[in-house]
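**Student:** Handing you a structure now.
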Amino acid sequence: MTYHNLLFVLAAVFAVWAVMAKKLLTSAIMLASLSAAVSLIFFDFGAPWAGVFELSVCAGLITVLFIGAVSLIRAEEEKHPENRTRFYALPLAVAIFAIAAWFYLPAFFDELATGRQMAAGGGTIGLALWDLRRPDMLGQVLMLAAGVFVIKSVFPRRTENK
Amino acid sequence: MSTFAMEWYLIAIIIFTGFYCMLASRSIVRQLIGLEIVSKAAMLSVISAGALTDNLVYAQALIITMIVIEVVVVAAGLALLVKNFRLHGSADIWKLDSLKG
C-alpha cells in the first residue's frame, strides 16, 4: 500500500474514531487529527495552499470553537449521556458498506475517470484567486459578513424592557 | 483499479461514516462533527478530481472557498447550540423545536 492510500485510510480511521469516541472532547480532537490527515493528503497531491488553509483553519480554528462549545455543555452531557448502542454498530456498518461497495464503486469510478477532460494545467494560485476568480473572493467576504451577522443576531445585546 | 478509483472508494467510506454520525446521534455537537466529516470528504473528492484532470490550481481555489463556508456554518451551528443550551439546558436536536417561528 502506498503512502498516499495509507493517508486516506488514516483519515477514514480518524473519522470513525471521531464518531465512536465516548467523550465529545475526544471527538473534537479526533476531528482535528482528521483535518491534519486531510491536509497531509493535500500536500501529497501537490496542493500546498489548500493544505495550509486546512491545517490552520480547520485543524486550528474549528477545533478551538468545538472545544469551547464542548466545555460549556460537558457537565450536562455527563449527567445525561446519549444512548451509545448505535455508535457501537458503526464499525460493523462501515465494514458491510465497504465490502458491498467494493464490488460496484471502483468500477463505476473507473468508468467516471474515462470521461475526464484534461485541463491546460499550469497557472498559479494567486492568478486563480485574484484574477480569474475574483467574484469568488467577493463571495467569501460576503460569506464571512453573513457569519458575523448570524453571531450578532443570535446573541443580541440585552435591553431592559420598560 | 486506478488510483483515482481507490481514492474515491476510501472517500465514499469517509462520507458514509459522516452520514451515519448525523443519522445516529441526537446531540448538536455530533451532528456538526458528522457534517465536518462529510465536508472533509467532499474536499478530498474535489482535490482528487483536480489532480485527475491536471487542474489543481482551480481545485485549490474552490477548496479555500469551501473552507471559509465551512467555518461560517460551524460557527453559526455552535452559536445556535450555545444559545439553545442557555435557554433550555439541553444540546438535543429534538428539543430545538422551540426555535420554530
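**Student:** Please verify whether A:E77 is more than 21 Å from the chain's Cα centre (by Cα), facing another protein chain (nearest Cβ under 10 Å) and in contact (Cβ under 8 Å) with a residue 24 or more places away in the chain, treating the condition exactly as stated.
**Tutor:** Yes; evaluated as a whole, the condition is true for this residue.
**Student:** Looking at A:L65, A:L55, A:L72, A:L10, which one is more than 9 Å from chain B (Cβ to nearest Cβ) and either among the acidic types (D, E) or more than 13 Å from the chain's Cα centre (by Cα) (or both)?
**Tutor:** Exactly one of A:L65, A:L55, A:L72, A:L10 is more than 9 Å from chain B (Cβ to nearest Cβ) and either among the acidic types (D, E) or more than 13 Å from the chain's Cα centre (by Cα) (or both), namely A:L10.
**Student:** Further question: Could you count how many residues in region B:35-56 are assigned to a helix (DSSP H, G or I), surrounded by fewer than 22 Cβ atoms within 10 Å (Cβ to Cβ) and at the interface with chain A (Cβ under 7 Å from one of its Cβ atoms)?
**Tutor:** Adding up the residues that qualify gives 2.
**Student:** Please verify whether region A:24-34 includes one or more residues that are hydrophobic (A, V, I, L, M, F, W, C), in contact with a Gly (Cβ under 9 Å, 6 or more places away or on another chain), under 25 Å from B:D92 (Cα atoms) and at pLDDT 90 or above.
**Tutor:** Checked against the condition, which is being hydrophobic (A, V, I, L, M, F, W, C), in contact with a Gly (Cβ under 9 Å, 6 or more places away or on another chain), under 25 Å from B:D92 (Cα atoms) and at pLDDT 90 or above, region A:24-34 yields at least one hit.
**Student:** Also, quick follow-up: Taking region B:84-101, which residues are part of a helix (DSSP H, G or I) and surrounded by 15 or more Cβ atoms within 10 Å (Cβ to Cβ)?
**Tutor:** Once the filter is applied, which keeps residues that are part of a helix (DSSP H, G or I) and surrounded by 15 or more Cβ atoms within 10 Å (Cβ to Cβ), region B:84-101 yields B:N84, B:F85, B:I93, B:K95, B:L96.
**Student:** Got a sec? Which of A:A21, A:A28, A:A32 is surrounded by fewer than 19 Cβ atoms within 10 Å (Cβ to Cβ), small (G, A, S) and more than 7 Å from chain B (Cβ to nearest Cβ)?
**Tutor:** Of A:A21, A:A28, A:A32, the one residue that is surrounded by fewer than 19 Cβ atoms within 10 Å (Cβ to Cβ), small (G, A, S) and more than 7 Å from chain B (Cβ to nearest Cβ) is A:A21.
The values are calculated or read from the model by the stated rules, or taken from the named source; none is laboratory data. Being a predicted model, the structure only gives us computed values, none of them experimental. All Cβ positions, glycine included, derive from the backbone under ideal geometry; neighbour counts span all protein chains shown.
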